[in-house]
Every structure is written in C-alpha cells, then in structure tokens.
Amino acid sequence: MFRYMNQSLLNDSVLVNLYRNGDEKAFEILVRRYKSRVYTAIYLIVKDSYTAEDLLQDTFIKAIGTIKSDRYNEEGKFLPWLMRIAHNLAIDYFRRDKRYPTIVMEDGSNVFDSLDFSEDSAESIQIKQESHARLREMIDKLPAVQREVLIMRHYGDMSFQEIATATGVSINTALGRMRYALINLRKQMTPADRDRYVSNS
C-alpha cells in the first residue's frame with residue numbers, strides 16, 4: 001500500500017516501467033496525470049466533446065498496446081509521445097471522414113470543384129469517390145507538417161488561429177505551411193488531374 005501511495009510522486013519513466021512489469025495501478029496514475037491535457041489537445045482539433053472523448057480513449061488504448069508489446073522506447077518523454085499519438089488520431093479522424101472539401105489552390109483555382117454534380121447518379125458518385133481517393137493519396141505524400149495544416153484547414157474547417165494554437169506554432173508558420181502544402185499538391189498533379197479536377201470558377 002505504501003508503494004502505491006507514493007507512485008504519484010514517481011516520474012513517468014518509472015511508472016511506465018512499473019506498468020510494463022505488471023503494475024496496472026502505475027498506468028492509472030499516468031492516465032489521471034495527463035487525461036485532461038490530452039483531451040484538451042484533441043478537442044482543439046476536432047471541436048466536438050464526444051469525438052474528443054472517443055479519441056482520448058483510443059489514445060490510451062494505443063499507448064497501452066505499444067507499451068505491452070515492448071515497442072515503447074521514448075524513455076523520459078512519455079507526455080510528448082502520448083500527445084503525438086493523440087494528435088495523429090485527431091488528424092486521422094478527418095482523413096476517415098466522408099466529407100469532400102473543395103481545396104482552393106495558391107492561384108485561386110478549386111481542386112475538384114467541378115465534381116459538384118446536380119444529380120448524384122451511381123456513375124457520378126463513383127467518379128467523386130475515386131477523385132477524392134486520388135486527392136487523399138496526394139495529400140498523404142505531403143511532408144507531415146504540411147499535410148497536417150491542410151487537413152485541419154480543409155477537412156476540419158479550422159481557422160489559422162485555431163491551427164496555430166493546436167499545433168503550437170505562430171499563425172505565420174501555419175500560413176507558410178499551408179502555402180507550401182498547396183504548391184506541393186499542385187506539383188503532384190498530372191496534366192490529366194488538372195484537366196479533370198481543377199476548376200477556375
């Protein structure tokens with residue numbers, strides 16, 4: 001009992017090691033210690049309390065799986081590691097979402113804007129799905145920080161102030177990352193992509 005009472009004074013690395021060796025209470029302390037901070041970080045991105053709660057649970061489940069399988073090697077950096085898991089899950093939430101955003105490029109043209117069909121026939125729905133799968137494929141090839149801001153902006157409908165707060169950077173940095181994301185997205189486009197999916201209207 002004495003050992004458990006004093007676990008709250010132990011640092012994260014010691015608690016992780018205790019948990020790895022079968023001490024379930026050690027992880028409970030880590031959850032209590034960081035639950036609020038992780039939830040807030042997720043909520044800043046998804047802006048929905050129910051979704052944030054779900055992703056919070058997913059974050060700790062993923063952390064447990066990594067530690068239990070002996071793949072955790074972030075000694076002394078538990079919180080930054082945990083926050084990265086949470087952050088990635090929040091971004092992945094938008095990538096799984098079925099919304100089809102119109103992305104405005106750096107020259108003012110709209111990516112896939114021409115896919116707003118008046119009637120969603122089976123054929124048009126298939127074309128739309130294929131087109132947005134292609135867009136997601138191109139987005140996935142962007143550098144991580146550029147991909148992150150583009151997804152937050154166009155899939156999450158976040159302002160640049162919100163993006164800056166959620167990612168811990170200045171607004172100018174967020175804007176710069178967005179600009180380079182759009183430039184790099186355009187570089188990936190084939191002539192066929194541009195002809196079929198980019199509208200200047």
Estimated FRET transfer efficiency when R0 is 35 angstrom, pair GLU28-THR51 (beta carbons, to 0.05): 0.90
J(HN,Hα) series, the range 135-152, from Karplus relation 6.51 cos²θ - 1.76 cosθ + 1.60, nearest Hz, glycine and proline x: 4, 5, 4, 5, 4, 5, 8, 6, x, 3, 5, 6, 4, 4, 5, 5, 5, 4
Size of the range 139-194 as Cα extents on the principal axes (Å, biggest first): 37, 18, 14
Full-stretch length increase - SER159, GLU74 - with 0.36 nm per residue and alpha-carbon distance subtracted: 27.4 nm
Pair ARG96, GLU137: separation of 7 Å Cα→Cβ label points (nm): 2.3 nm
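Just so you know, all these numbers are worked out from the coordinates, no wet-lab data involved. Small disclaimer: the values here were computed from a predicted structure and weren't measured. Neighbour counts run over all protein chains shown; Cβ positions are idealised from the backbone, glycine included.
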